[in-house]
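Asks: Dropping the structure in here first, questions after.
The values are calculated or read from the model by the stated rules, or taken from the named source; none is laboratory data. Since the structure is predicted, the reported quantities are computational estimates derived from the model, not experimental observations. Methodologically, a virtual Cβ is constructed for each residue, glycine included, from the backbone with ideal geometry; neighbour enumeration extends over all protein chains shown.
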Amino acid sequence: MRERFWERYSLGELNSKEWEALCDGCGQCCLKRRVEKGVVTVYGVACELLDIESARCADYANRLRKVPECHDLTPETVPKYSVWLPETCAYRLLHKNLPLPPWHPLLAGDRSRMRKKGVTVSHYAIPSGRLSRRQKEKYVVARWPVSRLRQPGVRRGHPISH
């Protein structure tokens, strides 16, 4: 990987190793969510492929085939999926020309600082199982109006998804 590539190149200029290294592995993008009546609701319920302990996809190579609602994040789709990406997501931050958070593994050297800060879902996510919509309501971790996401500079509370 090129030295401090995230500061020197656009998302579209990154090679595949650099692209993947941007992901901090928080697992927030692998939480179930719903958009209804202009409101995004994020549940602390993990995708069936998320290994909750490591906050990593158990079958990353086949995720798009196995989980139809999984999104293929690319430099072109980052703006489209901004509704799903957490505030702290490196792809979202770099797309907006913002710096990585100091706890990001590329800056900190490993994931220990982000784990200490509670950025990963491993301390609260539950397996998807067969929860009804009503049961999922007990596990809401964030809600925000879609319209707020389109306003520059507006923060949307608890971070989520990729």
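Asks: Does Trp103 qualify as being farther than 23 Å from Val45 by Cβ and crowded, with 16+ Cβ neighbours inside 10 Å?
Replies: When the stated conditions are applied, Trp103 passes them.
Asks: Just the residues that are touching a helix residue (DSSP H, G or I) at 6+ places or on another chain (Cβ under 8 Å) and closer than 19 Å to Glu20 by Cβ, please, taken from the range 102-114.
Replies: Correct list: Trp103, His104, Pro105, Leu106, Ala108, Arg111, Met114.
Asks: How many residues are closer than 15 Å to Arg111 by Cβ and surrounded by fewer than 17 Cβ atoms within 10 Å (Cβ to Cβ) when one looks only at the range 26-55?
Replies: So the count comes out to 3.
Asks: Of the conditions (1) touching a helix residue (DSSP H, G or I) at 6+ places or on another chain (Cβ under 7 Å); (2) at pLDDT below 90; (3) among the acidic types (Asp, Glu), Asp72 clears all except one; give me its number.
Replies: Status for Asp72: all satisfied but (2).
Asks: While we're looking at this one, here's another question. Just checking, how many residues over the range 106-142 are of a type outside the set (S, T, N, Q), in contact with a Gly (Cβ under 8 Å, 6 or more places away or on another chain) and not in a helix (DSSP H, G or I)?
Replies: 7
Asks: How many residues are assigned to a loop (DSSP other than H, G, I, E, B) and either over 21 Å from Trp19 (Cα atoms) or in contact (Cβ under 8 Å) with a residue 24 or more places away in the chain (or both) when one looks only at the range 50-68?
Replies: Result for the range 50-68: 6.
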